Each structure stands twice: as C-alpha cells, then as structure tokens.
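The values are calculated or read from the model by the stated rules, or taken from the named source; none is laboratory data. Here the structure is a predicted model, which means the values were calculated and not measured. So basically every Cβ, Gly included, is an ideal-geometry build from the backbone, and we count neighbours across all protein chains shown. With ligands, DNA and RNA removed, areas are computed over all heavy atoms of the protein, side chains included. Shrake-Rupley method; radii C 1.70, N 1.55, O 1.52, S 1.80 Å.
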Amino acid sequence: MAFSFCGNDKNISAYSVEKGVLNNGCFVDALNLVPHVFLLFITFPILFIGWGSQSSKVQIHHNTWLHFPGHNMRWILTFLLLFVHVCEFAEGIVSNKVMSTDHLHLFMPAFMGFIAATTSVVYYHNIETSNFPKLLLVLFIYWVLAFITKSIKLWKFTEFGVGPQHLRFCITTLLVILYGLLMAVEVNVIRVRKYVFFANPQKVKPPEDLQDLGVRFLQPFVNLLSKATYWWMNPLIIGAHKRPIELKKIGKLPIAMRALTNYLRLKDAYEDQRTPEDPDQNPSIWRSMYRAFGRPILLSSTFRYLADLLGFAGPLCISGIVKHLDVTEVVSSEDKKNETYLGVYFMSSTELLQNSSVLSVLLFLALVLQRTFLQASYYVTIETGINLRGALLAMIYNKILRLSTSNMSMGEMTLGQINNLVAIETNQLMWFLFLCPNLWAMPVQIVMGVILLYYLLGWSALVGASVIVLLAPVQYLIATKLADTQKNTLEHSTDRLKKTTEILKGIKLLKLYAWEDIFCGSVEDTRGKELTSLKTFAFYTSMSIFMNAAIPIAAVLATFVTHHFLNKTGPTSSEAFAALALFHILVTPLFLLSTVVRFAVKALVSVQKLGEFLQSDEIGDDSWRNGDISISLNAGKKHMGMTKAINRKQPMRYQMDNYEQPSRRQMRPTETEDVAVKVSNGSFTWGNNLLTLSDINIRIPTGQLTMIVGQVGCGKSSLLLAMLGEMQAIDGVVYWSKPTDCELVHEGNISKNRNSVAYAAQKSWLLNATLEENITFGSPFNKQRYKAVIDACSLQPDIDLLPFGDQTEIGERGINLSGGQRQRICVARALYQNTNIVFLDDPFSALDIHLSDHLMQEGILKFLQDDKRTVVLVTHKLQYLIHADWIIAMKDGSILREGTLKDIQTHDVELYDHWKTLMNRQDQELEKDTQQDSQTMLERKTLRRAFYSREAKNQVDDEDEEEEEEEDDDDNFSLIANRRSKIPWKVCWCYLSSGGFFMVFLMVFSKLIKHSVIVAIDYWLAIWTSSKTGSLNETLSRNVSEDSQQDSHYLPIFISLCAAGITLCLITSLTVEFLGLSAATNLHHNLLNKIIHAPIRFFDVTPLGQILNRFSADTNIIDQHIPPTLESLTRSTLLCLSAIGVISSITPAFLIALIPLSVAFYFIQKYFRVASKDLQDLDDSTQLPLLCHFSETAEGLTTIRAFRHEARFKQRMLELTDTNNTAYLFLSAANRWLEVRTDYLGAVIVLTAATASIWSSQYGLPAGGLVGLGLTYALTVTNYLNWVVRNLADLEVQMAAVKKINSFLGTESENYEGSMDAAQVPLDWPQDGEIKIQGLCVRYDPLLKPVLKHVNAYIKPGQKVGICGRTGSGKSSLSLAFFNMVDIFEGKIIIDGIEIFKLPLHTLRSRLSIILQDPVLFSGSIRFNLDPERECSDDRLWEALEIAQLKNMVKALPGGLDAVVTEGGENFSVGQRQLFCLARAFVRKSSILIMDEATASIDMATENILQKVVMTAFADRTVVTIAHRVHTILTADLVIVMKRGNIVEYDKPETLLEQEDGMFASFVRADM
C-alpha cells in the first residue's frame, strides 16, 4: 500500500523496533497522536450532550461571564499553539514531498493536534460560561500528556543529532514550551478556584455590570475571540434590520465607562498635583490626562506597532511568492537525502519560507492578524477618548455650577465660550486621543518602510521615498489652508443664516409690501460670498485628494527611472511589486500625519482654554447658609410629639374662598422678633473692585412680606443676590436663621428644604422640559398644591392653548412662549417649592395690570402668606406697598429707609409724598390700561395663531412623516426592512442632476479613464519586469546590450503613462468637488426662491425651526460633506472593482471564489448600513439635549444655586452624557464590526488570488510579473473594502438632507402673474381709494372651513372705516384679502374699478400700504427700513419721520437716516418701532391704508400720536382700521362689526350706538 502511516521506502524497514521502541521515529510520532485522540473522545460527548450548560447556569442573562483566572493568557497561548501546529503541518507536507513514498506520520499528528487545540478552547469556553469548573480536569490531563509525549520526541531528536538548524526541532521545542505554559495556567486555575483536591471550593459572584440587565455593551466582558471580532454585536446589528435600534436596546454603560467613574479618576489625578507645599499651583491637564488614561493609550500603541510591523509582511510575502514561482528548483535531490535522520528527511529552517504556497498562507495569517490588531488599537483609543470626554464634561459642569456670577455677567466667561468648551474643545481632545497613537507609530512605520525599500531596490528606492517625504509639508500646508477657509465659510454662513432668519420672521410684512425679491437678493449676495470661500475650500480639498492619489505614482516613477539609470536595467518583478506595495503602505501615514499634526496643535489650544476655564473664579464658600445641622436635628427630635398639632390640614385651606386676610397692620416687628435673614455692615461687589452695594444693614422678618423698592438700577436685584451669596462680600456678615423648632417638625424633611430658597429671577429662565416639570422643578407632584399655584398665576388659559396642555415641551427647543407667560411660569415655580423663604425679583415686570393684581392677591397675599412663608418682593408697582409688612427703600446701592409704611409715613414725609405722586400717576395709567387685558390677550392670541394652523399640518408636512406613519401601520417586517435598507437612488439622482449634466458626465468619464490609466501603469510595469525573467537559460544566453535596448523601449511609455495618470488625478479630484459646488449652489438658490415665494399659509403650517434647519444644517451638509463622501465612495469602489478585474483577468479561476465572497460582502454591508444609520441618529439625537442642558444650566445658575438643586442637575448631566456616550460607543463598535469583517474578506481575497495564481502557474499561465500585479491589487482591496461600505452608509445619512430640501422644493408658489399685464395698470392706480367687496368668501386652505362667508361692503374714497369684532371673527382675514394673501374662492374685491385678483401680485401689493399689529424692523439702516427699494428722496423720508413724531429722535442718533437698526429693531422701544412702521406706510404714497390692530401693543402716548396722524396726514386717503380697543374707532365714518366671518352690523358709529342691544354698543360699554 503506497499510502501507509510510516511510509514504505525500499531500504528502510519502517516498522522494525530492534533498536528499541522509542528509537523508531514513526512510533514516537504515533505516540504523539494519543493525547489528541484522548481529548477528542472525552470532550465530544460532553459538548454534544451539553448537560453542563443547562443544569447549573448561574442566574445571569449574559453567557459572557469570564471568571476563570488566566483567561486571556489561555486564549493567547491557544492561538500560538494553533499557529505552531499549522507550521508543523506545513513542514510535514513539504518534507513529505521530498521522500519517495508518503509518510503520513510527518503531518498527521500535526493535523490532529490542530483539531485538538481548537476543541480544547471551544470546550473551555463552554465550561466557563456554564460555570462547571470540575470538568476542566480533562484539559489538565490533556496538557500533561501532550507535554510528556512532545518531550520524548524532543529528547529523541537531540539523541540523534538533530539540532536548531532544522525546522522540525525548533517547532517541537516551541510546542513543548507552549504545552508547559498551558499546564501552568491550568494549575493556576486549580490553585485559585480550589474546585478539586480542596475541601472548600471558592464561591464567586459575577461582576455588578453583568448582574444588571440594563448593560448591553459587552465588549469588556466577552472572550478574546469575540473581543477581536466583535462577535457579540451580531444580534444587535442583524436585529436592526427588523426593528430600528432604540435607546432601550443599547442600554446603559458599564460602570467603568460611566462619566462619573472617569470624572473621579481625572479629578484625582488633577487634584493630586496640588501639593501641600504649593497649594495654589495650577495643575497641568496634560499630566492628569496621562495619569488617568495613560495605560490604555500605551496598550493601544502596542497594538498599533504590532499591526504596522505585520503590515510589512504583505510586500515581503509578495516578493517571495513571485520569486519562487519564477525559480524552478535547481537543487538536486541528492543533497536533500543527506539530511535524513530517523529514516525521514529534516529540512533546514529557511527552506520552508521558499515555498510559495506556504508563503501565501503566511500572508493570509499576517493580514488577518494585522487587521485584528489595528482594529483593536482603534477600539481602545476610541473607548479611552469617550471616557476622557465624559470625564471632561463632568469636570466642566461641576465648574460651571461653582462659577462666580460676576464672571458670567462681567463677560469674562460668556455663554458662548462655555458652549464652545462643551461642544468643540472636549471633542477636539477626544479626537486627538483617537489619533494620538499615530503620532508615535507613524515615524516608525515610515522608517521601516524606507529601510525595506532600500533592501529591495538599493539607492533608487530612497529617491522615491524622498519624493513622498518632501511632499508631506505641502500636504500640511494644504491642511492648514483648509482649516482657515472653513472658518471663513462659517462666518459667511452665519451671516447668511441671520439674514434668512430675519426674512422668515418678517415674511408676512415682506409679502404685504412686495419686498421679497429685494431681501432675497441680499441673501443671495451673502451666499455668493459664502460660495466664493467654498470654492477655495473645494479647491484645497481637491488638491489634498490629488496629492494623496498622485504621490504613489510619482514615487514609483521616480524610483524606477533612477533604478534604470543607476543599474542600467529595470528591476525584477518580485522587487518591483514589493516596492509598489510598500509605496502604498507609506502614503497613508504621510497623508494622515498632516491631519494628526493639525489635531495636535488644536488639542494644545483646547487644553489651554480648558485650563483657563478651570482656573477661573469660583463663588465663595457659603457655609453660613448651611447653618449647623446637628443642633437643629436634636431640636427637631424633642418636639416630635407635637407634630399632629402643628401639621395644618392643607386641603382645607383651598375650600375657604371667603377666607379673609387677617389684618397684620398692628404686628410691628420688634428687635426681639425672629429674623429670617439679617445683613450687618454689608459691602458687596461684582468682582470689579467697584462697590455695588455699600453699608447695608437690613433685617427680613420671618413669615412676613417684605418689599424692596427703588429706582431702576439702584441695586434691588443685587441685594437679593448678595443675600443668596452670589456676590463677593468685601465686608460684613449675612446671617440666616435656623428654622424654628415647630417648623422643623412641620417640614418633616429637614435637610432638604432647610436652606433652599425659592427664587424667581428677573429674567425668566425655563428648562427644556414639560411645563409641569418646570413648575414642580424636582419636587414631588401634589395635585392640589399644583392647581392652586396655577390659578394664582392665572396660567390655566395659557395651558389650555398649548397642544399637549401642561405636558407640552417648553424652553429653548420647545414652544416659544411670550415674556409674560415665561415670567408667570417662573413665579409659579417659586410658589410651588416648599421652602420657608421666597425671593421674587420684580415678578410683575412683564405682566399687565389684571394679572399683576391677581398674582398679588391670590399668589403672594393668600398662597404664600397663609403658609407663613417669608417673602421678599422686589417691585416697581408702588400701589402694592399698602400690603407690605416691612419695606426696604433703596437708592444708589445703599439703604434709604426701612420700616413699615406707617413708620415711613411718620418719619420721612418727603419720601412718602414722592411715592404718593408716583402712585397717582400709576393709578391713572391703570385706569387707561384696564380697558382690556391687552397684552395677555395678545400673547394668548399669538399662541392660538401658532396652533390654529396645526390642523392641516399633517397634509402639508414633508413626506418623511407620512412614510413613518405608513411604517407603523403595517407590521409586515420584511416591507419595513426593505424600505430601510434601500439606497435612496432617486435622491442621489436629484442631487447629481442639480449639479448639471455636463459635470456629471465629466466626473464619470474622468474617473473611469483615471482608473484605467492607473491599471495600465501597473500592467506595463508587470510586462516590463516579466520580460527580464522569462526563464533563466534564455536570460543567460541573451547578452546585456539587448536588455538595455529593451528597457529603453519600455521606459518612455512607462514615463508617459505615469504623467497621464498624475494629470488625470488632478482633473478628477477637481471635477467631483466642483460638481458638488454647483449642486449646492443650485439647491440653495431654488430652495430660497421656493420658500420666499410660498403662500403665507405655508409659514403658518411649517414651524420656523424646520425651515431654518433646511437653511442651516442641511445646506451645510450639502455644501461641505457630500462632495468628499461622494469622491471617496467613487474612488474606493472603482479601486476595488479594478483590482478584482485585474485579478480575474490574470487568474480566471479567481472568479469561482468571487461568488461566495460577494454574497458575504453584500450581506455585511446590507446589515451594517441599517444599523449604522440608526446608531448615527441616536448619537445625534442624544447630543442635542446634552448641549442644551449645559447652556441652560449656565443661564439659570443663580436660580439653581438659590434652590440648592446642584446635585439634581449634576445627576441629570451625568445621565445625558452617559446616554450620548453609549450611542457613540455603539456606533464606533459597529464601525469596528464592519471593518473587521471586510478586512477578513479582503484577506480571503488575497489568499484566493495567491492560491489561484500558484495553481495556474503550474500550467505556466501567468508570468511572474502578472502574479505580482494581481497580489499587489488584492492587497489594496483589503484597505478599500470597508471604505466602500462606510462611505455608502455616510452618503445615505447625508442624502437625507437632500431629501428634506427636495420635499420643500415641491411647495406651490403663489401665483405672481395674474391675468392682467402690469403695463395695463395705470401708474397712479388706486388714485381714489374706492373699495367694493362683493360676496367675498375666503379660506386659508382648501381643506379648511371658510373664514369669511359672503361678505359685502362698499367703502367710499377717503372714508375712515373701523372694523371690530371678537377674536377669530375674521377681521384680520379681511385685511389679508385686500392683498390677495389668502385663498379667495368666491366673490371679488374691486378697487378703483379694477378686480384685484387679475393684477400681478407685485403690482397689487406695492400700491397698497398696511401697518401690522407686531411692528417688524430689519437689521440695517433706518433708511433701509423705510425704503428698501431706494426710491425716495431724503426730504420725503424726513417728512414721514416728522409725521410719525420721530424726526427729533432720529436726528439725535449717530448717522441720522443711516443710523443702525439692530436685529428685530431691539434698540428701539416697541412704541418707537410701531411709529417707524407708520412712517414706512406714509413713505409709500398709496391712497389706501390698512391698520391691523396697530394700537394693540403700544402705550397711550404713542397711540394718541397715531390717531392724530391718521386724522391729519392721511386725511385724503381711505383708512381701514381693525380695532382691538373699540374707542379708537368711535370717530370713524363707518363701522363694520363682524362675527364668525359674517358682517353683523354696518353703519355710522353714532347710529350703531343708539341700538342698545347691538353688538357694537355692548363692545363700547365693555370698553368704557
């Protein structure tokens, strides 16, 4: 039999044992089989029955608990063991080929050993997760047996004179060592866990994280193989296909990664640097970062070095494979026979590496390992970076909570700076950490690369390398330029956004005045500037891409040309392709180096900013406010018996509506009486060495109402803050009393409410939370109390208007409330808190008179005083002084008087009289003001307007929402899955087509040609180098002269190809970027025009924020992110395709292997794209609340500190940070998941390509050069496969921006044309101002009910008409109908004989004028606001200003007519703004003026001016006034009363007043 275990060579009797059993080599090998077989026989039944796994699982939801000591060590040793077995197997097979007959014993034991080692680790894993350590004994016995048998073999080798020069001897030695070590690991497990041979085995508990079912991030807990390949993520990523990943699914962070843990680590490292000798030393942030997070960074760097060194195996293996394919074996087999011992052949240690099949397997293993290490290195740095970011955020937050108020208000630390710290600086540091292993890994990589090149090609290689190195600074230059242009672009885009916001806010006015196009033009101008800097940005980007693509070509060109001139011949194919691969390896670090250096510079700046922030002033230590808890606690214990007596039954109080305020007048606080807060000799400053408050001596009596009054800016608010400890005390003491015993008992929960002060600041501050959460503010919810507070602040009507009642989100990101509403919510918060002391800082400032009265009576006098709470109230409303128990009057930062009103009346008559006159004046204003709840009504009205239009919102909203709804409807998973995994081709096409067809064609064409040329260069190189090494005999016979001639024929073509390649690189990189630019230009232009010309209804229905998002975030993505992604995607895809094409053309056999590979690839990318999109959304959506939380904390510092809620806010911040970090961690782990998988696929491609070429070369198919070409290309595939998927996923996310913009491009524009030509309209139309309204029906939207029904009216030229009616009766709709702003579906309006619907909109709107209820001014000059079209002379403008009584004020301003108006006209008062609007209407000399409730939001004086102007300046014009307060239209010529869209009364006001029961009469009565 030819195939026997010991071989049957003629001259050796293989089975003879005369010289002793152990001296037969074959028997020793057979002995080696025994342990392996033993292990397989014992473990297989156990594994298959799996009885260990069910019976005794520890109750724990993850079977990932690794608790046997030496766990990682065992995995590493097993992997090494497997590798050595593979080597042994390979060595056996190669030796076997030398022998004349087959010797199975050379490789069979190795094969069995491999299987046994694999089984051992699978078995171990199952035992460990099922926690059944007794079964580990099997492994222990196996290691011992294997160790013994291998040792016997080694001993026999030394006896027979086999030494280290033979490979098999080295392998056996390694195996002995490995088995020995594994034995030691096993013994160690027994020693620690004592599971056998010991009386009491050790009990173990799983770590906390694994007992917690919420922790879903298992990377730290899984075994080594799963850690390296992210196997544990499979269920998550594949599951994402069926159901989107939600926050619940990704769970909590493991304890070690939570922000709190890391914050404590960083803080300790930071504080440790403050030595007792030098307590004020500024600790270095760098050092603390190194101390806290240095170790993982070192680990990551180690992985990185290993990966880089393994990376060089690729080129070397390629050179080896190509070399050994070419060289036929010349060595005679006679020499080999000499190396025979024990009857078999022993090869030398180097001989194995000369076998190309072995090399290809080695190449495969090296690639797999290199990629695994690289991903591990990335993962470790990312995890550390995330930990660092969490720690820094917590550090910054803690500092914010301790910042001194003066810092914030004196502008040393602005909100913007704090937001930048949070949003930018921490991220910069995190990114620096991600990239920092590169800083020290890259130089090593470059040096190694250059050495290897030199070893391959000699001096000429250094020329090529120097090309690469010399171009690196250029890249750095480009990188810095890029950063600068980006800054520039940012400035222009903020400018553009500001203008766009203004336009959208004042869109109604712009449309009514037909000014859209002017403003649109100004935005387009700014956009033009932005595009110019985007052009430079695009240019530099394309330069950097071009450098990246062209440098390797240039380097190869330089190298081979110099090689040709130095050595007079071209290189051999094995050298050439190894060099090519090396150049590809070298380019990456150099390209990255510029980025890393830039990040390092940024990180230095960030750390400096952080350091300054952490060193800034803190608020003083307020120990005085904490009282002395121990004493009060004892006091509380004594009185426990009294609780029942004191605990007043609260529910009763609310039934006593007739409860009368007991007169407290006679209770005059005497010296002995209790004082809640006392300040003696206080002098306080805001930290600028100027005393804000000086010489303060005040007492705040307990349980009474104290009022602080004084002029604006005399220090009232500062006094409150000084008591709260927010100011720097230069002198004096603030003393806070402890609560009395009985109150302690009543409060019950002492420590919490003891020193918390309910404080309502002057500038209202809301949280981004529901309205209810804003009021309860962390206190437990008590329905009755809550109701009482809401009634006291009269918030119920406002709550009823909100879409979700008190569960509506308010705050920055929620619904915009008006000032008064915000202020009432803040007061409600202060009332609701169960604290002894309440500070209210001018709560009436934004409220109108009714509300202030109600709040005073119900809230302060009833609700607070009934509870015997100490109230301090700062106010300007002197009429409330009669309610005060104690008054503090201030002037210029010191106390003018304190005492009761009676005291002041008797002792300081002057002051009292002064107050009296002021009070009278206020009372008169009161009477005027009482006419209606003007302001509040208006606020509520605007709120209602905002929500009124929500009904039809669903039909109009962008398609996204509809799609989501559809998805919810069908539970058919496959359908959803399909929709979610499809690439949005339609959107991509829309994007490309907006770039212009010529550009698209140019891009595609140049890309294809570029890649063909690059392939051609390499192909030419292959032919050129292969021509040298046809076969050895030919080359020897050919003389050298011929050779150089041949070279000179190859060289010029090579040079010209390279030149073409470099130019094409330039062209393609430019085309993609400029395609992106033209797409961005067109999309923005169309979007702006569409939106500005959309009907007004569109703006009622679409939230402003949504429209602005299209202009900010989405436009930014289209401008800056899509082009590079698109470029990268096309490049990597084409590279992969061209590589696969090259390989298949060289070795067609490769195509067979390609089918399963592409299927695998398809599924990987399909699953990954869906999961990645979800995780990216989660990351984005969790980042926003975090940033908002920071900014809102910084804004509400004083409130939070007064309430003593720091701890609660810290907790919230930690939660938000952890949530965001979880999402980010999962996202980066998912990226690693993908990269490991695509890298392994790439490695398989290399392996198949190599095997295919070796197999084909036996039939003499490809020449050596072509094999080298194929393998070099296969190596590039591994680098680019994951980029294809990553870019696809990114592009998909970014295309959403195009989709959103696209959904807006579908909106209908208003019909601007009209049926008449503009030229047919007389120039002076409307000259008379005669208006006929016939059967007018109006609705806002075809889906809604009409708001005006068959309205008929006739207005004579020059008449003054008043229209009145309740809210919602259709008054405003009528005014809009004149301008054709609403959908008029029946009837008509005729002005001076022309039907207005036939007119072009621009003509119609530019000939009428209107004054709106909310005055709108735009930023710019006064002239621009009055006359943006630049048509009028200065005289005319001055005349208009004079009529509006503004002339003197404007003259006084610097610049006169060209004086600056800030955004929204904030630098003028509301009244002045309204007058400007009047002037604006006057400038336009139209004979019809419409005033829409113009007097609703202004004071009496301004209103009188308006009335006068209307009567005189507009005497000859038709004026239609829509009235809020009826008395404004009593003088009109005609009054129209409307109700529910119909005209009810229509006559002169005198006639209407005579009808007692008429609506107009009742209105007037109500108004008087």
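Summary of computed values
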{"quantity": "Single residue of the stretch 565-623 satisfying the filter (of a type in the set (V, I, T) and over 30 Å from V1267 (Cβ atoms)) that is modelled with the lowest pLDDT", "calculated": "I619"}
{"quantity": "Residue check for G1061: at pLDDT 90 or above, open to solvent by less than 10 Å² (accessible area, probe 1.4 Å) and either farther than 18 Å from T532 by Cα or over 24 Å from the mean Cα position of the chain (by Cα) (or both)", "calculated": "yes"}
{"quantity": "The listed residue being without any contact (Cβ under 8 Å) to a residue 24 or more places away in the chain and among the β-branched types (V, I, T), out of T494, T489, T536, T500", "calculated": "T494"}
{"quantity": "Failed criterion for R1423 (all others in (1) over 30 Å from Q1320 (Cβ atoms); (2) open to solvent by less than 10 Å² (accessible area, probe 1.4 Å); (3) in a helix (DSSP H, G or I) hold)", "calculated": "(2)"}
{"quantity": "All positions within the stretch 1393-1420 that are surrounded by fewer than 22 Cβ atoms within 10 Å (Cβ to Cβ) and within 16 Å of A1318 (Cβ to Cβ)", "calculated": "I1394, E1395, F1397, K1398, P1400, L1401, H1402, T1403, S1406"}
{"quantity": "Residues being under 16 Å from T350 (Cα atoms) and of a type in the set (D, E, K, R) - total across the stretch 84-112", "calculated": "2"}
{"quantity": "Single residue of Q1176, Q1211 found to be part of a helix (DSSP H, G or I) and without any contact (Cβ under 8 Å) to a residue 12 or more places away in the chain", "calculated": "Q1211"}
{"quantity": "Hits in the stretch 1256-1294 (condition: aromatic (F, W, Y) and either buried (at least 21 other Cβ atoms within 10 Å of the Cβ) or in contact with a Ser or Thr (Cβ under 8 Å, 6 or more places away or on another chain) (or both))", "calculated": "Y1273, Y1280, W1283"}
{"quantity": "Qualifying residue in the stretch 987-1002 (condition: at pLDDT 85 or above and under 30 Å from P1052 (Cβ atoms))", "calculated": "yes"}
{"quantity": "Near pairs, Cβ below 6 angstrom, 6+ apart or cross-chain, from the stretch 417-442 (of a type in the set (D, E) and assigned to a helix (DSSP H, G or I)) to any residue that is at pLDDT 85 or above and open to solvent by 30 Å² or more (accessible area, probe 1.4 Å)", "calculated": "E425/K609"}
{"quantity": "Within the stretch 778-895, helices (runs of 4 or more DSSP H) holding 3 or more residues that are buried (at least 21 other Cβ atoms within 10 Å of the Cβ) and at pLDDT 80 or above", "calculated": "783-792, 819-832"}
{"quantity": "Y513, sole failed condition from (1) open to solvent by 10 Å² or more (accessible area, probe 1.4 Å); (2) closer than 30 Å to L1104 by Cβ; (3) touching a residue at least 12 places away in the same chain (Cβ under 8 Å)", "calculated": "(1)"}
{"quantity": "Cβ-Cβ under 9 Å pairs, at least 6 apart or on other chains, the stretch 986-998 side on the phi > 0 side of the Ramachandran plot, far side assigned to a helix (DSSP H, G or I) and open to solvent by less than 40 Å² (accessible area, probe 1.4 Å)", "calculated": "G996/L1075; G996/S1078; G996/A1079"}
{"quantity": "Residue within the stretch 1297-1312 that is over 40 Å from the mean Cα position of the chain (by Cα), surrounded by fewer than 18 Cβ atoms within 10 Å (Cβ to Cβ) and under 30 Å from L1404 (Cβ atoms) present", "calculated": "yes"}
{"quantity": "Answer residue from the stretch 1238-1255, given it is within 14 Å of I1140 (Cα to Cα) and of a type in the set (V, I, T) and is surrounded by the fewest Cβ atoms within 10 Å (Cβ to Cβ) among those", "calculated": "V1244"}
{"quantity": "Single residue of the stretch 1186-1217 satisfying the filter (closer than 30 Å to K242 by Cα and open to solvent by less than 30 Å² (accessible area, probe 1.4 Å)) that is modelled with the lowest pLDDT", "calculated": "L1186"}
{"quantity": "Single residue of the stretch 1336-1347 satisfying the filter (within 47 Å of the chain's Cα centre (by Cα) and among the hydrophobic types (A, V, I, L, M, F, W, C)) that is least open to solvent (accessible area, probe 1.4 Å)", "calculated": "V1338"}
{"quantity": "Test result for R1339, over 25 Å from A1481 (Cβ atoms) and out of contact with any helix residue (DSSP H, G or I) (no Cβ under 6 Å at 6 or more places or on another chain)", "calculated": "yes"}
{"quantity": "Filtered residues of the stretch 1065-1121 (kept if modelled with pLDDT of 90 or more and hydroxyl-bearing (S, T, Y))", "calculated": "T1068, T1071, S1078, T1081, T1115"}
{"quantity": "Residues of the stretch 201-235 satisfying the condition of being farther than 27 Å from L80 by Cβ, touching a Leu at 6+ places or on another chain (Cβ under 9 Å) and of a type outside the set (D, E, K, R)", "calculated": "L210, V215, F217"}
{"quantity": "Close pairs (6 angstrom Cβ cut-off, 6 or more residues apart or separate chains): under 11 Å from K1349 (Cα atoms) and assigned to a strand (DSSP E or B) in the stretch 1537-1553, open to solvent by 60 Å² or more (accessible area, probe 1.4 Å) and modelled with pLDDT of 85 or more anywhere", "calculated": "N1542/K1349"}
{"quantity": "Test: V1544 is loosely packed, with under 15 Cβ neighbours inside 10 Å, within 58 Å of the chain's Cα centre (by Cα) and not basic (K, R)", "calculated": "yes"}
